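Read-outs throughout are calculated quantities, based only on the coordinates presented, and are distinct from any laboratory measurement. This one's a predicted model, so the numbers in the text were calculated from it and none came from an experiment.
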Ligand code: DQA
């Protein structure tokens, strides 16, 4: 049995109330519960963390090393700005699936740039909360590919 980290960044604690036309009505608590259920179905542990602070997200990635087999990361707006988060992923070599509820490529041009994409094993966006489950499936496949 492996463990996976589901890491959510700034403003995602407001899901359900925040711009529901873009992000839907599902709360972060509900998404996290779905991730735990899905992990259990796959036979793995899932640990969920959310922070609005860039340094805390970087700390969570450092601490995931040797503990979690991979990470689903919705870095929110830090996706488009954070060289620090990109460097943390590169430094730890943690397998990361970049996740967005919305299709960032169909939105404002500043959301098309992702610092996470170049260090992630892949990106899932536009599928709403279901994307988190797809990302967990991808991480389990990645673990198998690595012989785990
Ligand atoms: C987001 C997309 C980002 O551009 C935005 O800043 C968010 C949420 C998404 O899940 O669609 O906070 O990551």
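Over the Cα atoms of the stretch 70-111, what radius of gyration and what Dmax do you get, in Å?
Rg, Dmax (Cα atoms, Å): 11.0, 31.
From largest to smallest, what semi-axes in whole angstrom does the stretch 1-65 give when each is the square root of 5 times an eigenvalue of its alpha carbon gyration tensor?
Semi-axes from the Cα gyration tensor: 22, 18, 6 Å.
What is the chain's relative contact order, in percent, from Cα pairs under 8 angstrom and six or more apart in sequence?
The normalised contact order for the chain reaches 26 percent.
So what is the calculated 222 nm ellipticity per residue for the chain, using -39500 (n - 2.57) for each DSSP H run with n of 4 or more, over all residues, to the nearest 500 deg cm²/dmol?
Mean residue ellipticity at 222 nm (helix-derived): -11500 deg cm²/dmol.
Please list the radius of gyration and Dmax for the stretch 3-145, considering alpha-carbon atoms only, with Å as the unit.
13.7, 39
Cα centroid distance between the stretch 1-62 and the stretch 80-129, in Å?
Distance between centres, Cα-based: 15 Å.
For the stretch 28-106, count the residues as N, evaluate 2.2 N^0.38 Å, and divide the Cα radius of gyration by that value, please.
In units of the 2.2 N^0.38 Å rule of thumb, it is 1.12.
Most fluctuating residue of 69, 117, 106 in a GNM of the chain with Cα springs under 10 Å: which is it?
For the chain, modelled as a Gaussian network with Cα springs under 10 Å, the answer is 106.
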